[in-house]
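The values are calculated or read from the model by the stated rules, or taken from the named source; none is laboratory data. Only a predicted model underlies this, so the values are computations on that prediction, with no experimental measurement involved. Positions of Cβ are backbone-derived with ideal geometry, glycine not excepted, and every protein chain shown enters the neighbour counts.
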Amino acid sequence: MDYIMAKILGIDLGTTFSAMAIVEGGEAKIVENKEGARTTPSVVAITKNGERLVGILARRQQITNPKNTIFSVKRLIGRRFSDQEVQRDKKLLPYELRESTDGGVEVKMGNEPSGGWSKPPEISAMILQKMKQDAEERLGEKIEKAIITCPAYFDDSQRKATKLAGEIAGFEVLRVINEPTAAALAYGLTKKKDHKIIVYDFGGGTFDISVLDVSADTVEVKATGGDTHLGGDDFDQKIMDWLIAEFKKDQGLNLASDQLALQRLKEAGERAKIELSTAVETEINLPFITSDESGPKHLYFKLTRAKLEELTEEYVSRSIELVKQTLGETKFGTNDIDEVVLVGGQTRMPLIQEELRKFFGKEPNRSLNPDEVVALGAAIEGGILQGEVRDVLLLDVTPLSLGIETLGEVNTTIIPKNTTVPTAKSQVFSTAADNQTSVEIHVLQGERLTAQGNKSLGRFILDGIPPSPRGVPQVEVTFDIDANGILNVSAKDKATGKTQTIRIEGSTGISKEEIARMKKEAEMHAAEDQRKREFIDARNTADALIYTCEKTMRDAGEKIAAEIKKEIEVKIDELKKTKEGDSAEDVKRKTAELSQAIQKAGSEMYKSAPASQGGNDEGGKNAAKGEYKEKQNSGE
Amino acid sequence: MEEENNPEKARENSDPEEKLAECERQKHEYLSGWQRARADFLNYKKEEMERIRGFIAYSTEELFLKLLPILDSFERAEKAVPANSTDECVKGVLNIKSLLRDFLRQEGIVEIQTSGCKFDPNFHEAVDEEERAGAESGTIVEEVQKGYTINGRVLRPAKIKVAK
């Protein structure tokens, strides 16, 4: 290897949580912290003993040490003390703030020498330093460079302060990029020209909207809006208030004054909120929540998604109102917006997604984890600077599955869809009838379980197979697709080495519309195909068993008692009739009956003369049109 | 016509060297690309195995974490039982609690000590602070919810009250 490229850490330095990611092998991935978490609380503290704590540890001691535990420092970074925002937050924050000599802000955390008055970038640097150390430990190498994100509305001074925080932490800060831009990058939306993007960022404590205009290599922020004091925590509070009110109605007791009950309510409320993003109803069950003279009291309520939506409707509609306002500041209408991107955990709420869908008339981008998307985007920015993302060798994938037709018009897949090419895979098949000397290989493309309904790519015949009982010959079928999508299918009789091949061009060059149509058809017919397939499998198993039984009767008929022989013959006839019908269940039942009958014969034969029998009927269910699957292997 | 062909030929003649050099360059590029891809793949396989191991450990931990509130509730119930209770049903329910606790113990889940300990955010989460006569500041005066470690790592910190 010529040289090792140093990794660039992408950091989402958030108000309540921070996250970090790197690009590896052309893809961004989150780096976990030392505690194994994917996000780190943006909290720093100095304990009474002068020990500095960062992240979850700082948060765990916050209650006992409120004056020396600094959180939400992002609200102060790069601001002047006289700023309205700072004056407002000063009233809400439990720690001390003062004006620095240059008119900025200083916060007090602990006492000299371990603590004292610090500037916000120094506090942020402590968070970044922990992330740096944790990342280095995780990745086993030094990390010197970073991309840090900040809100789109940050002014020059706030950006400089953010950069400074990174430098104090020991990073070379390559760029400070906008959070919404990072989110758009993570979704790969910045490559298109003249693209207008709305980024809707609903975090724990802040709500931000940004309108981005992407044009040739630049991302311009057209407008920003939101509410710096609206977040998912407000939703949790609503649930808590509701629980307290309901409990009071129910039991006449006020939980609001019980600190411990409140803790449990908060956790249960948040859990219920998360559950209601996927379920329509959840229960909040807190036994022994409190007690009075009459004994212990339990809290048990059902919360429906509809009720949660009713409780928090004001916040959702306010957020949509703010989106309207922000969009109003640009010359764009809702129709001009090409993409809506969701950031922040609260956007998992179905009502929010629904309202945005209604408002913009399009599906929001939400396939990435909304808590991680900004950090991922920052890492991708790092990857682009490094060239790792741009220069990745693009490899195609097979858009649809490729396979062959096997016994009963079944489509047996050899190369599943979305397999990266070039690739080769082979499977061994066999014959379905005695003395079969040729097999037909019918190459299929598509997702249908039955051969019909898939696209036929070509067919050929391999002949000259030496006559032998069914299941004995071994025909290896190999599918090989090269990087250009050219498919070579070959069939080789392992006994004689005789080979036939077919070359099919354009197995990947199939139009998008056709792929979509074929996938849709497969979905539509999935249940019906599954039923057919089950029946065919059952029938193939039955065939194999009938074959074995008849062979046994021929070879060892005289060793079997007449009544058992008779029973087997009857069962064979029954099964033969049943498999001409259309019920897989019936065929399976009759197969089981015959199987029991032949086992009786088997054990009787063993009694009279112990002998070894190597027959195995299991493969029978895969018996194919001219082929009988035995084993499979795949080449690399 | 021949004269026109000559320069063409001359160029062709000088080409082999260049062509060879170009081929050499390409061969090097392709071979190294292939080697890298191969190495990437093998490394990926190793990392993936590592990741799967981590994932299994993580998903088990997640499961245990979700089981703990049930044990918490049993413990709250136990606390609420009058000391002189002789109710056999209560006894039976408390035995169910022991079943659950023993199962978790067998899986390597151990209670975090709090009684008489100093508050340590590595293992404890403070939920309240109280004046308590005779208790030194910073020591734990009450355990609100048990904490647990799994194979030496904190699965869930103990929630405690600290002396002021």
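Table for the structure above
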| quantity | calculated |
| --- | --- |
| Single unsatisfied condition, B:Glu48 versus (1) within 13 Å of chain A (Cβ to nearest Cβ); (2) under 30 Å from A:Gly295 (Cβ atoms) | (2) |
| The range A:42-62 residues that are more than 18 Å from B:Lys161 (Cβ to Cβ) and more than 9 Å from chain B (Cβ to nearest Cβ), paired with ones that are among the acidic types (Asp, Glu) and outside any loop (DSSP other than H, G, I, E, B) (beta carbon under 9 Å, 6 or more apart) | A:Gly55/A:Asp134 |
| Qualifying residue in the range B:75-92 (condition: within 12 Å of chain A (Cβ to nearest Cβ) and in contact (Cβ under 8 Å) with a residue 40 or more places away in the chain) | yes |
| Index of the failed condition, A:Glu99 passing every other in (1) out of contact with any Phe, Trp or Tyr (no Cβ under 6 Å at 6 or more places or on another chain); (2) farther than 21 Å from A:Ile46 by Cβ | (1) |
| Residues (over 27 Å from A:Lys273 (Cβ atoms) and polar (S, T, N, Q)) located in the range A:309-351 | A:Thr330, A:Thr334, A:Asn335 |
| Any hit, the range A:318-336, residues being more than 22 Å from A:Tyr153 (Cα to Cα) and buried (at least 18 other Cβ atoms within 10 Å of the Cβ) | no |
| Every residue from the range A:547-597 that is under 46 Å from the mean Cα position of the chain (by Cα) and within 20 Å of A:Thr431 (Cβ to Cβ) | A:Lys579 |
| Output for the range A:473-494, where each listed residue is outside any strand (DSSP E or B) and either crowded, with 20+ Cβ neighbours inside 10 Å or modelled with pLDDT of 90 or more (or both) | A:Pro473, A:Gln474, A:Lys494 |
| Meets criteria (at pLDDT 95 or above, within 22 Å of A:Leu53 (Cα to Cα) and in contact with a helix residue (DSSP H, G or I) (Cβ under 7 Å, 6 or more places away or on another chain)) for A:Ala169 | yes |
| Condition broken by A:Thr312, with the remaining ones in (1) crowded, with 16+ Cβ neighbours inside 10 Å; (2) part of a strand (DSSP E or B); (3) more than 14 Å from chain B (Cβ to nearest Cβ) satisfied | (2) |
| Spans of strands (runs of 3 or more DSSP E) in the range B:97-164 with at least 1 residues within 9 Å of chain A (Cβ to nearest Cβ) and touching a His at 6+ places or on another chain (Cβ under 8 Å) | B:158-163 |
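Condition check ((1) over 22 Å from A:Val410 (Cβ atoms); (2) in contact with a Leu (Cβ under 8 Å, 6 or more places away or on another chain); (3) touching a residue at least 12 places away in the same chain (Cβ under 8 Å); (4) assigned to a loop (DSSP other than H, G, I, E, B)) across all residues:
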position: A:Pro466; (1), (2), (3), (4): yes, no, yes, yes
position: A:Gly471; (1), (2), (3), (4): no, no, yes, yes
position: A:Glu528; (1), (2), (3), (4): no, no, no, no
position: A:Lys532; (1), (2), (3), (4): no, yes, yes, no
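One line per residue, one yes/no per condition, for (1) over 17 Å from A:Ala165 (Cβ atoms); (2) part of a helix (DSSP H, G or I); (3) at pLDDT 95 or above:
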position: A:Met1; (1), (2), (3): yes, no, no
position: A:Ile11; (1), (2), (3): no, no, yes
position: A:Ala19; (1), (2), (3): no, no, yes
position: A:Lys29; (1), (2), (3): yes, no, no
position: A:Lys34; (1), (2), (3): yes, no, no
position: A:Arg38; (1), (2), (3): yes, no, no
position: A:Val44; (1), (2), (3): no, no, yes
position: A:Arg88; (1), (2), (3): yes, yes, no
